[in-house]
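Bear in mind these aren't lab numbers, they're just calculated from the coordinates by the rules spelled out. As the structure is a prediction and not an experimental result, all values here were calculated from the model.
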């Protein structure tokens, strides 16, 4: 058995609070709660399900950040991505069931919500103050103010941030694992093939340009 080895270090114990993906997830959870607070009691199961999924998006970023290996961190980010997709599906079903309206071209900025401002405020407050108190546009926000398009805007932006973070960590993870001689050979062959393809593309472009 290989000895356990930590591959991650952080300078701030709650450094996840400086990640845009975390601040987006916190806002998403807040907006989900605003929406579900106004659902009829008969929808208690749907309310509980989406509330739990939105909470999971945030919680797994936090827990994964404190894990001691990159592989574990990636696993927890995967759980967050899965929960984000669950929220997306529930939001679409709320729209289909007429609990959420659709308004073409509506965006969060229409409500005065700017993701950059929220990120800065959450960083400054260490995430300890509720968003409703922290950010003025959210103080009087009601579920009826929200639209399908606004939720999808935030979800899609958050998903993109997750994919960027995962891609960066996967590269780091690959560097942490020593390659076997065969893997090194395969990598060199792939790089050589990419270079050959690039040269061929350049030659074809020159031939076409000279016609």
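Once you sort the root eigenvalues of the Cα gyration tensor of the range 122-211 as a ≥ b ≥ c, which label holds: rounded (a/c under 1.5), prolate (a/b larger than b/c) or oblate (the other case)? In terms of gyration-tensor shape, oblate. Axis of helix 44-65 versus longest Cα principal axis of the chain: the two differ by about 40°, to the nearest ten degrees. The overall shape of the range 34-118, judged from the alpha-carbon gyration tensor, is oblate: a/c is not under 1.5, and a/b is no greater than b/c.
Once both axes come from the Cα atoms, what is the angle between helix 181-209 and the longest principal axis of the chain, in degrees from 0 to 90, rounded to 10? Helix 181-209 and the main axis of the chain meet at about 90 degrees. Once the Cα atoms are used to define both axes, helix 70-96 deviates from the longest principal axis of the chain by about 50 degrees. Estimated from helices alone, the mean residue ellipticity of the chain at 222 nm is -22500 deg cm²/dmol (sum of -39500 (n - 2.57) over DSSP H runs with n ≥ 4, per residue). Here is the tail figure for the range 15-177: Cα pairs spaced more than 29 Å apart come to 18 percent of all pairs. Once C-alpha pairs closer than 8 Å and six or more residues apart are averaged by separation and normalised to the residue number of the range 15-177, the relative contact order reads 32 percent. Note on the chain: with a GNM built from Cα contacts shorter than 10 Å, the maximum mean-square fluctuation among 137, 181, 40 falls on 181.
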